[in-house]
Amino acid sequence: MFEAHFQTFEEPEAGVALTARLAALREELARRKLTGFVIPRADQQQNEYVAPSEERLAWLTGFTGSAGLAVVLAHEAAVFVDGRYTIQAAKQVDAKAWAVESLIDPPPENWVSAHLKAGDRLGFDPWLHTFAAAERLSAACAKAGAELVAVDSNPVDAIWQDRPQPPARPRRRARPATCRRH
């Protein structure tokens with residue numbers, strides 16, 4: 001009938017695997033002539049629950065919370081989480097590779113405008129951001145003299161070798177019970 005979805009607190013791969021993933025993403029960004037990339041916890045439909053094939057944030061950072069965003073630049077990276085996940089993020093994310101920052105106050109756009117330089121190119125997957133979020137990122141880039149660049153294909157997907165297959169088809173909803181008159 002209905003399938004329950006629960007947030008997982010299982011520890012994802014850590015250490016060497018996550019460090020290698022971050023390095024591979026940086027190489028892919030350099031190949032694409034991007035200074036950085038924004039990775040939200042989102043799918044194309046902006047669902048609250050995303051399929052395993054859409055868990056780019058968890059795969060890259062180790063953070064498994066249901067709300068978050070990461071920004072990877074050539075020499076620094078940050079994971080943005082709301083107050084519910086501060087302790088969880090501190091346990092799951094490698095503090096040597098990632099700064100853990102607030103998702104709300106101040107918002108990630110403040111970090112972006114403070115860490116980008118004039119001429120930088122910050123990539124984003126337009127399918128994974130709302131129009132309003134893209135506008136905020138664009139304004140943050142402009143403030144730094146940088147450019148927000150919509151990518152044709154997600155660089156995280158390009159390096160995620162063992163990515164789970166997307167769902168084959170939408171789940172069927174149970175039919176409502178019908179009443180029969182006698």
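The values are calculated or read from the model by the stated rules, or taken from the named source; none is laboratory data. As the structure is a computational prediction, the values presented were derived from the model and not from experiment. In this analysis, Cβ positions are derived from the backbone assuming ideal geometry, glycine residues included, and neighbour counts consider all displayed protein chains.
Overview of values
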{"read-out": "Conditions (1) part of a loop (DSSP other than H, G, I, E, B); (2) more than 17 Å from Asp157 (Cβ to Cβ); (3) not basic (Lys, Arg); number of the one not met by Thr19", "value": "(1)"}
{"read-out": "Some residue of the range 169-178 being modelled with pLDDT of 95 or more, farther than 22 Å from Tyr49 by Cα and not in a helix (DSSP H, G or I)", "value": "no"}
{"read-out": "Members of the range 91-148 found to be under 21 Å from Leu18 (Cβ atoms), small (Gly, Ala, Ser) and at pLDDT 95 or above, listed by number", "value": "Ala97, Ala99, Gly123"}
{"read-out": "Failed item, numbered, when Ala42 is tested on (1) buried (at least 22 other Cβ atoms within 10 Å of the Cβ); (2) over 19 Å from Ile159 (Cα atoms)", "value": "(2)"}
{"read-out": "Residues of the range 103-155 that turn out to be part of a strand (DSSP E or B) and crowded, with 16+ Cβ neighbours inside 10 Å, as a count", "value": "7"}
{"read-out": "Matching residues, the range 137-166, being closer than 14 Å to Gly36 by Cα, touching a helix residue (DSSP H, G or I) at 6+ places or on another chain (Cβ under 9 Å) and free of Cβ contacts under 8 Å to residues at least 40 places away in the same chain", "value": "Ala140, Cys141, Ala144, Glu147, Leu148, Ala150"}
{"read-out": "Selected residue [surrounded by fewer than 22 Cβ atoms within 10 Å (Cβ to Cβ) and of a type in the set (A, V, I, L, M)] from Ala89, Ala97", "value": "Ala97"}
